[in-house]
1. So, in the range 160-217, of the ones that are open to solvent by 80 Å² or more (accessible area, probe 1.4 Å) and in contact with a strand residue (DSSP E or B) (Cβ under 7 Å, 6 or more places away or on another chain), which residue ends up modelled with the lowest pLDDT?
2. In the set GLY23, GLY68, which member is at pLDDT below 95, on the phi < 0 side of the Ramachandran plot, of a type in the set (Gly, Ala, Ser) and in contact with an Asp or Glu (Cβ under 6 Å, 6 or more places away or on another chain)?
3. Just wondering, is there one or more residues in the range 95-110 that are basic (Lys, Arg) and surrounded by fewer than 16 Cβ atoms within 10 Å (Cβ to Cβ)?
4. Looking at the structure I just gave you, is LYS127 more than 22 Å from LEU33 (Cα to Cα), modelled with pLDDT of 95 or more and open to solvent by 70 Å² or more (accessible area, probe 1.4 Å)?
5. Looking only at the range 111-124, filter to residues that are more than 15 Å from GLU76 (Cα to Cα) and in contact with a strand residue (DSSP E or B) (Cβ under 7 Å, 6 or more places away or on another chain); which one of those is surrounded by the fewest Cβ atoms within 10 Å (Cβ to Cβ)?
6. If ARG107 satisfies all but one of (1) more than 27 Å from GLY191 (Cα to Cα); (2) at pLDDT below 95; (3) of a type in the set (Lys, Arg), what's the number of the condition it fails?
7. In the set HIS149, HIS136, which member is open to solvent by less than 60 Å² (accessible area, probe 1.4 Å), farther than 19 Å from ARG54 by Cα and either among the basic types (Lys, Arg) or touching a residue at least 12 places away in the same chain (Cβ under 8 Å) (or both)?
8. Do we find that LYS120 is without any contact (Cβ under 8 Å) to a residue 12 or more places away in the chain and out of contact with any helix residue (DSSP H, G or I) (no Cβ under 6 Å at 6 or more places or on another chain) in this structure?
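The values are calculated or read from the model by the stated rules, or taken from the named source; none is laboratory data. This is a predicted model, so every value here is computed, not measured. Please note: Cβ atoms are built from the backbone with ideal geometry, for glycine as well, and neighbour counts cover all protein chains shown. The area values use the complete protein model at the heavy-atom level, side chains included, leaving out ligands, DNA and RNA. Shrake-Rupley method; radii C 1.70, N 1.55, O 1.52, S 1.80 Å.
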Amino acid sequence: MNSQEPKGEQLCYFFQFGLIVTGKGEREHLTKLFSSLMESQICNFQVIRFIGQRSPITSNKRTIKMVGSGKIIPNEDEKDIGLPARRYLSENSCAYVLLIDDLEYDRTDIAQQVFDRYRKALDIILKSQKYRASVHFLVNMLEAYYFAHAEAINAVLGTSFTDFPGDVESIRHPKNDLKKQYFNFDEIEDGGKILELLDLEQVLDQQGRGRGRGIRK
């Protein structure tokens, strides 16, 4: 999985992926995106924690308070991110944790700081096992990836979208674009149905053509 893995680890034939997510839609339905992978019977995905989005810590007062109390990371990051990840990994040596955040266009300028906050929470708590956890962004929200397989959208909403010709991660406000043809779009109810039909291979292939890389991490 990672070049930093220590030598001598047991050989794994089945992998467990625990998802820590920040969006309600992801909490309810993100595992559906990986259904084709799970059907291969070599891996399983499950949501293990919903945490809500985190922002960079910019308050000097808060930083000073943390340092004064001997804390390196905020209590809520330890409780909501680090400890659940450690507990999940301790149960299975073939398990990995993926922290997945929606990265709205309006937050792209703080993406690195947000990434660093998530990464630090994992590194501090997991220590030598930190290589078994990674941080990923769904760039401009999960809904952007629907546009790589417009047939799935149209089947659920009765719309007439076509596959986005470029990089779907350049779509700034995918929910707004969906609502232009289907005003009552519901990210949980409708989004779940779309994810059931979404072809992951087509999404990844579109990403490869559009930019040469997939979901940001």
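1. Within the range 160-217, the match that is modelled with the lowest pLDDT is ARG216.
2. GLY23 is the lone residue from the list that is at pLDDT below 95, on the phi < 0 side of the Ramachandran plot, of a type in the set (Gly, Ala, Ser) and in contact with an Asp or Glu (Cβ under 6 Å, 6 or more places away or on another chain).
3. No, the range 95-110 contains no residue that is basic (Lys, Arg) and surrounded by fewer than 16 Cβ atoms within 10 Å (Cβ to Cβ).
4. Criteria met by LYS127.
5. Looking at the filtered set, the residue picked out is ALA111.
6. All conditions pass for ARG107, except number (1).
7. Every option except HIS149 fails the conditions.
8. No.
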